[in-house]
Every structure is written in structure tokens, then in C-alpha cells.
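Structure first, commentary second.
The values are calculated or read from the model by the stated rules, or taken from the named source; none is laboratory data. If you're wondering where the values come from, they're calculated on a predicted model, not measured in any experiment. Every residue, glycine among them, receives a Cβ derived from its backbone with ideal geometry; neighbour counts consider all protein chains shown.
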Amino acid sequence: MDAVTRLVRLRLDLSYDGTDFFGWARQPGRRTVQGVVEEALNRVLRLDPPARLTVAGRTDAGVHARGQVAHVDVPADAWARVADTLVRRLSGLLPPDVRVWRVAVAPDGFDARFSACARRYRYRVCDHPVGVDPLRRRDVLWYPRPLDLDRMNAAARLLLGEHDFAAYCRRREGATTVRRLLELVWERDADGYAVATVRADAFCHSMVRALVGALLAVGDGRRPVEWPAAVLAGRQRDPGVTVVPALGLTLEEVTYPPDDQLAARALESRRLRTLSEG
């Protein structure tokens with residue numbers, strides 16, 4: 001392939017306030033993060049046909065991101081023309097609720113989605129009886145009952161490890177709901193908010209918000225500590241689990257293995273997992 005048609009894969013690191021987006025994924029007639037970023041990127045690079053982004057985690061409507069990662073394949077000559085100015089030029093085209101902080105040539109074997117080995121989210125809750133600081137109303141959920149974080153952490157520990165999280169996911173045809181939950185812990189931050197840090201190798205649709213909803217019911221005393229684990233074991237959605245609103249959820253970080261393991265990790269991630277695989 002000659003230099004004119006040779007493709008180069010770029011990694012983009014970006015963040016966004018998800019409040020006014022209908023999620024990440026491009027949708028006809030709706031404002032999405034993917035649509036907005038692709039429009040700016042294709043305009044700067046003058047691409048026809050337009051390039052399409054592949055993202056590490058397709059966030060839902062209203063979910064925020066501080067450490068989102070995506071990749072895109074573009075002609076090498078188009079990248080060469082703007083390599084030194086692309087980030088600055090994107091900042092001039094993008095709206096203020098989304099920023100691309102870094103664009104660089106990706107290592108061989110890199111896939112933003114399949115090469116990832118973990119995603120880390122945080123969910124922020126205010127249980128102050130008066131409500132949330134107005135300046136934080138777009139990224140903190142107000143919960144009208146006081147929360148006992150010791151109870152919530154005791155319940156969270158029973159959920160760690162590899163399980164079928166069907167009880168906490170919205171099923172998709174042909175997709176596995178087996179995930180490895182690496183971390184789930186609640187702490188108070190400097191503002192007194194209850195903050196859940198949730199880290200897994202991958203997440204299925206609505207999983208974090210359903211887990212948070214179950215743990216809030218433990219934290220306010222309505223459910224026993226053992227209840228979220230019992231729901232998990234049932235492998236069916238429980239009407240007692242409330243899927244909390246999106247506004248409190250932020251994708252904080254996506255982590256990847258060393259460069260020489262990126263391709264192998266992508267192959268492993270594409271396998272359909274079951275618990276019997278060990």
C-alpha cells in the first residue's frame with residue numbers, strides 16, 4: 001500500500017460532561033459524543049469517506065467521562081498534515097462539554113475497546129438532608145436517606161470476583177454477562193459525598209448503576225448486607241434493585257497492558273466468556 005492510502009491508527013484521550021448528550025454512540029438526529037467528536041475530527045482531517053471512532057466504553061445518556069479512550073484509522077498523509085496542530089484545532093471546533101486532550105499514533109496491536117484490561121468508574125452520592133451543592137448538581141446524585149458506608153462495603157465485598165452479572169445487567173442478544181469485578185469500595189470524599197469506586201475488566205449495560213442501587217438499599221438499612229449477593233446468585237433482574245440515575249456516574253480511567261501484550265489482550269477479550277472456562 002502506498003503512502004497516499006496507507007492507514008495509521010490514532011489513540012484519542014478525551015473527557016466530557018454527559019448531561020446534554022444522548023450517550024456516546026452515534027444516533028440519527030440526536031446529539032452524541034461520538035457524533036460531535038467525529039464531525040470535528042473529519043472536518044480537520046478533511047476525510048471523505050468519514051472516519052469512525054471505536055471507543056473503550058460506550059457510556060449511556062447522561063454518564064460523564066474523565067478518562068475515555070478511543071481509536072480511529074485515518075490516512076497517513078492526512079495525519080501527517082495536522083499531527084502538530086490537531087489537538088489545538090479540535091479544541092476550537094468542539095463544544096465546551098467535550099475535550100480531546102491527546103492524540104497520538106497508537107502502538108501496534110492497540111484496540112481501544114478490546115485491548116483494555118480494566119475500566120474504572122466512580123459514582124458520587126450526596127446524602128446530606130438538605131441536598132446537593134448546586135455547583136455539583138450535574139455529577140452528584142442526591143439521596144434523601146443517610147447512608148452507612150460500613151454496611152455498603154461489607155455487601156460490596158461479597159460481589160467481587162468473576163461472576164455472571166445477569167441480575168445487574170440489561171441483557172443483549174448473544175452477549176455474555178460474565179464479568180470480573182476487581183474493585184467495589186465506598187469512601188467519603190473531602191466534601192462528605194459517598195463515592196463508589198468500581199473497577200472491572202469490562203461492564204455490561206447498566207451494571208454499575210444497578211450495583212450502586214442495590215448497595216444504597218443496604219446503606220439506608222432497607223435491605224440486609226447479604227441481599228446484593230443473593231440477587232447476584234439468582235442471575236435474574238430483581239424488581240427490588242433500583243438502577244440509579246446516570247448523572248452520578250463518571251468513567252475515570254481505562255487501563256491497558258504493556259504494548260507487547262496489546263494484540264494478545266484484544267484476542268482474549270473477543271472470546272465469549274462463560275464461568276465454566278475457569
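Could you check VAL140 against (1) of a type outside the set (D, E, K, R); (2) under 22 Å from GLU187 (Cα atoms); (3) surrounded by fewer than 21 Cβ atoms within 10 Å (Cβ to Cβ) and say which number it fails?
VAL140 satisfies all of (1) of a type outside the set (D, E, K, R); (2) under 22 Å from GLU187 (Cα atoms); (3) surrounded by fewer than 21 Cβ atoms within 10 Å (Cβ to Cβ) except (3).
Could you please let me know if SER91 is out of contact with any Cys (no Cβ under 8 Å at 6 or more places or on another chain), at negative phi, modelled with pLDDT of 95 or more and in a loop (DSSP other than H, G, I, E, B)?
On the way: out of contact with any Cys (no Cβ under 8 Å at 6 or more places or on another chain): yes; at negative phi: yes; modelled with pLDDT of 95 or more: yes; in a loop (DSSP other than H, G, I, E, B): no.
No, not satisfied.
Look through ARG265, ARG222, ARG270, ARG171 and report the one residue that is among the basic types (Lys, Arg) and closer than 25 Å to ARG151 by Cα.
Matching residue, one of ARG265, ARG222, ARG270, ARG171: ARG222.
Got a number for residues in segment 159-181 being in a strand (DSSP E or B) and farther than 30 Å from HIS128 by Cβ?
Taking segment 159-181 first, the residues in a strand (DSSP E or B) are 161-164, 178-181.
This time we only want the ones that are farther than 30 Å from HIS128 by Cβ, so: 161-164, 178-180.
Result for segment 159-181: 7.
From the residues in segment 73-105 that are within 22 Å of ASP17 (Cβ to Cβ) and in contact (Cβ under 8 Å) with a residue 60 or more places away in the chain, which one is surrounded by the fewest Cβ atoms within 10 Å (Cβ to Cβ)?
Checking each candidate, the answer is ARG102.
Restricting to segment 163-200, name every residue that is of a type in the set (Asp, Glu) and either surrounded by fewer than 17 Cβ atoms within 10 Å (Cβ to Cβ) or assigned by TED's automatic domain parsing to the domain that holds ALA25 (or both). Full working, then the answer.
So in segment 163-200, the residues of a type in the set (Asp, Glu) come out as 164, 173, 183, 187, 189, 191.
Result: GLU173, GLU183, GLU187, ASP189, ASP191.
Does LEU215 satisfy the criteria of being at pLDDT 95 or above and crowded, with 22+ Cβ neighbours inside 10 Å? Before the answer, list the steps.
Working: at pLDDT 95 or above: yes; crowded, with 22+ Cβ neighbours inside 10 Å: yes.
Yes, satisfied.
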